[in-house]
Amino acid sequence: MSSGMHLLLLWCKCINLLVLIMNKHNKPTLQKLEQLFRQLDYTVRYEKGTFNSGYCIVDASKIVVINKFFNTDSRVTVLLDILNDILDDDQLLPEKSRLFYRNLLKSQELTK
């Protein structure tokens, strides 16, 4: 393989990595996170309100209320923030959910 071809392949790999890093969260990711909250016996609701941080947690009822005007990416980001606050040990999650959560955290760290 010529050095020019090698450089082109390397450049393509870098572009693909950048696209992955800059990719915003999508609806399936949001749905999986909502399912993860259900596994922890939390209810996620989207409502109007004046939340300073965009969300409110009603601890006694295990209800998470998120600003309904947030887009999908913001909803995922907020749910991850909340999960980091309420989840003391990710071992409480089923294995599949735990792996999803850890991968999501890793991808979040890459974008910071």
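Among the candidates 81, 89, which residue alone is more than 19 Å from residue 45 (Cβ to Cβ) and free of Cβ contacts under 8 Å to residues at least 60 places away in the same chain?
So the residue among 81, 89 that is more than 19 Å from residue 45 (Cβ to Cβ) and free of Cβ contacts under 8 Å to residues at least 60 places away in the same chain is 89.
Are there any pairs, at least 6 apart or on different chains, whose C-beta atoms fall under 9 Å, with the first in segment 23-43 and free of Cβ contacts under 8 Å to residues at least 24 places away in the same chain and the second charged (D, E, K, R) and outside any helix (DSSP H, G or I), and if so, which?
41/62; 43/62
Give me a count of the residues in segment 4-43 that are modelled with pLDDT of 70 or more and either farther than 29 Å from residue 93 by Cα or of a type in the set (Lys, Arg) (or both).
Result for segment 4-43: 4.
Looking at (1) part of a strand (DSSP E or B); (2) modelled with pLDDT under 70, find the lone condition where residue 46 falls short.
(2)
The values are calculated or read from the model by the stated rules, or taken from the named source; none is laboratory data. Just so you know, these numbers come straight off a predicted model, no measurement behind them. All Cβ positions, glycine included, derive from the backbone under ideal geometry; neighbour counts span all protein chains shown.
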